[in-house]
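The values are calculated or read from the model by the stated rules, or taken from the named source; none is laboratory data. All values reported here derive from a predicted model rather than from experimental measurement. FYI the Cβ positions are ideal-geometry reconstructions off the backbone, even for glycines, and counts take in every protein chain you see. Each accessible area value is taken on the protein alone, full model and side chains, heavy atoms only, with ligands, DNA and RNA left out. Shrake-Rupley method; radii C 1.70, N 1.55, O 1.52, S 1.80 Å.
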Amino acid sequence: MKYLSNRRALLLAATFALASPVFAQATASCDPTGSVSGVVGKAQFSMARAIQAVQSNATPLRDLQETIRLLIDDKTDNTPARNYLLGEAYVLLLTQPGIKPITTRGAIGLTTNPTGALDLFASTDSAFRAFEATKPDCASLVREWRQQKPWLTTLNDAIGALNAGKLDSAEYLANRALLLDTHAPYAYSVLASVASQRKNSAAAMEFWKKALDAAGTDTSYTDVKVKTMFDIANAASNRYEAATGAEKKALAKEAVSAWQEYLAVATSDYLISDAIDRLSLLYTAAGDTASIPKLYAGLIANPSKYGELSLLHAGVVATRANRAADAAKLFESTIALNAYSRDALNNLAASYIQLHDYAKAFPLINRLIAIDPSNPDNVLLYAFAYQGMYKGTKDKKAQKVYSDSLMYYNSRSENMKVKVTITEFTRGDTETVLGGTIENIAATPKSYTLSVEFVDKAGSVIGSQDVPVGPVAPKSTQKFKVTIPKGGVYGFRYKPFN
């Protein structure tokens, strides 16, 4: 069954906006210019006027050109101040209308060698690098200047090109963004996605590692860090799936390690549930099924930390590992979050039956059939429960009651003339979709009307729809899909067919 929304492509789709430059401020440990005089003093005065012009929405172009003219060819004795002011001027110049990042000296007002080429991004980087080499305490100040509007615009353009499938443009623009700033992880993430789409695994891994290094422990980069770790794990799974022979087992172990690291930082319920599914299969492929309980141990210990889907999928993993007691705990936690989860009700009832806790199973089967009444498999759960009770007693009278009940529910299941199977329950913020099939078990063609109600967390109906299906030929199935333009849905129920 498919839940929530379709799996996201997980391309870096974030954008960053800055309406106007936010000017960096010197700190107590960093005085970028100190006491200046002469040419540098004049340049600093022109730069101050340019900043004031920007802040008052006036045109700073003439003062910026004057600042650059005074400093670009004049190698003064105050080299750090000269480089800092040049970097500032280049950044603000790049925000002005009509200024191209790659231009000529004459285009920005320089009279010496006016036809000479000038890359303003490279010049900005060169000036700030030289300044930082002599003033390492000013690194944070320089970073604020590097991450102004020119960098943001270029990075957003790179992300836009990536999402549009324009890989060459995305690569070029990401590398241009890195000229201005190498401390943020975003450009590396773009380059990793480009390399991955080009099937260049080695290059992709190199850029993913650079993205993680750049993100470090900075919580403002949590989004790209989590995305990058997902991409690394996903790539490891792809390598495992493409391998053959002995290599496949070794690559399964590598993928296990990558998914474990991702799972430790993941926050999305949907993606955590996906990681749980993948890890369970990889543990088996790596020959380490004994570690599967470790996969969901944290969910059992602290279920409030996790979402409905994570708990549900972990329960399924525990069931497949033949750990019914663990599965029951996980499904109980799922139902505590969503009392109308059809799959949690079904799986928890089955777990209780396996644990011989029939008193708990029957109420769950009742609730399951109240929401999904025309599925013979649900009715058969009663038969399984009575079968277990029959085997668990030597009391002949009790055995007779249980045997009769078993036969009754088995016959009721076998004689149902229609079977509804739910294959999709997609719950979005603004839309909910229920899909599945109706099987006509009867001997003649039938048409059906599926009457569905959608409920919120409290069980109140927030939408309904009648869907005609058919005619359905004998012993055949036909698909159906019900869509309502509402979110906030927790469950569904439909009226039984007679």
Original post:
In debye, nearest 20: dipole of segment 350-498 around its Cα centre with unit charges on the Cβ of K, R (+) and D, E (-)?
Top reply: 480 debye
Subject >> Using a Förster distance of 41 Å, the FRET efficiency for THR284-LYS100 (Cβ separation, nearest 0.05) >> reply: 0.10
Original post:
So how much slack lies between SER169 and LYS486, counting 0.36 nm per residue of separation and subtracting their Cα-Cα distance, in nm?
Top reply: 110.3 nm
**OP:** List the relative contact order of segment 111-234 as a percent without decimals, with contacts defined as Cα pairs under 8 Å and 6+ residues apart.
**Re:** 18 percent
**OP:** Determine, from the Cβ-Cβ distance of SER476 and ALA370 and an R0 of 30 Å, the FRET efficiency 1/(1 + (r/R0)^6), rounded to the nearest 0.05.
**Re:** 0.65
Original post:
Just by accessible area at a 1.4 angstrom probe, what is the order of ASP429, ASP218 from largest to smallest?
Top reply: ASP429, ASP218
Original post:
Per-residue accessible area for VAL467 at 1.4 Å probe radius, Å² rounded to 10?
Top reply: 20 Å²
**OP:** Report the relative contact order of the chain, percent, no decimals, based on alpha-carbon pairs under 8 angstrom and at least 6 residues apart.
**Re:** 9 percent
**OP:** Taking the Cα centre of the chain as origin, sum charge times position over the Cβ atoms of Lys and Arg (+1) and Asp and Glu (-1), and report the length of that vector in debye to the nearest 20.
**Re:** 1580 debye
**OP:** Compute the separation of the alpha-carbon centres of segment 139-209 and segment 219-254 and state it in Å as a whole number.
**Re:** 21 Å
Original post:
What FRET efficiency, computed as 1/(1 + (r/R0)^6) with R0 = 45 Å and r the Cβ-Cβ distance, is obtained for THR449 and ASP395, rounded to the nearest 0.05?
Top reply: 0.45
Original post:
What 222 nm value per residue comes from the helices of the chain, counting each DSSP H run with n ≥ 4 as -39,500 (n - 2.57) and dividing by all residues, nearest 500 deg cm²/dmol?
Top reply: -18500 deg cm²/dmol
**OP:** List, in the order given, every pair from LYS419/LYS481; LYS329/LYS481; LYS149/LYS305; LYS135/LYS210 whose Cα-Cα distance in the structure shown is over 27 Å.
**Re:** LYS329/LYS481; LYS149/LYS305
Original post:
Any idea what diffusion coefficient the chain gets from Stokes-Einstein, in µm²/s, Kirkwood Rh on alpha carbon pairs, 37 °C, 0.692 mPa s?
Top reply: 118 µm²/s
Subject >> segment 249-365 - convex hull of the alpha-carbon atoms, volume per residue in Å³ >> reply: 86 Å³
Subject >> Partner lysines for LYS400 [C-alpha distance under 29 Å; skip if fewer than 8 residues away on the same chain] >> reply: LYS360, LYS391, LYS417
Subject >> Zone of SER220's modelled label, taken as backbone nitrogen in segment 166-201 under 16 Å from a point 7 Å along Cα→Cβ >> reply: 181-187
Original post:
To the nearest 10 Å², what's LYS294's accessible area with a 1.4 Å probe?
Top reply: 150 Å²
Subject >> Spacing of the two label points (7 Å from each Cα toward its C-beta) at ALA242 and VAL461, in nm >> reply: 5.3 nm
Original post:
Going by accessible area, probe 1.4 Å, with all protein chains left in place, what is the ranking of ARG62, ARG239, largest first?
Top reply: ARG62, ARG239
Original post:
Which stretch or stretches of segment 208-240 have amide N atoms under 13 Å from the point lying 7 Å from THR267's Cα along the Cα→Cβ direction?
Top reply: 218-227
Original post:
At 25 °C and 0.890 mPa s, what whole-number value in µm²/s does Stokes-Einstein give for the translational diffusion of segment 180-268, with Rh from the Kirkwood sum over Cα pairs?
Top reply: 183 µm²/s
**OP:** Measure off, as a whole percent, the carbon and sulfur share of the 1.4 Å-probe accessible area of segment 125-224, all protein chains present.
**Re:** 49 percent
Original post:
Just by accessible area at a 1.4 angstrom probe, what is the order of HIS313, HIS183, HIS356 from largest to smallest?
Top reply: HIS356, HIS183, HIS313
Original post:
Relative contact order, percent, of segment 238-357 when contacts are C-alpha pairs under 8 Å separated by at least 6 residues?
Top reply: 19 percent
**OP:** Counting only heavy atoms of the protein chains, get the accessible area per residue of the chain (1.4 Å probe) and round it to a whole Å² value.
**Re:** 48 Å²
**OP:** Measure off, as a whole percent, the carbon and sulfur share of the 1.4 Å-probe accessible area of segment 263-391, all protein chains present.
**Re:** 54 percent
Original post:
Distance from the Cα centre of segment 56-105 to that of segment 331-348, in angstrom?
Top reply: 64 Å
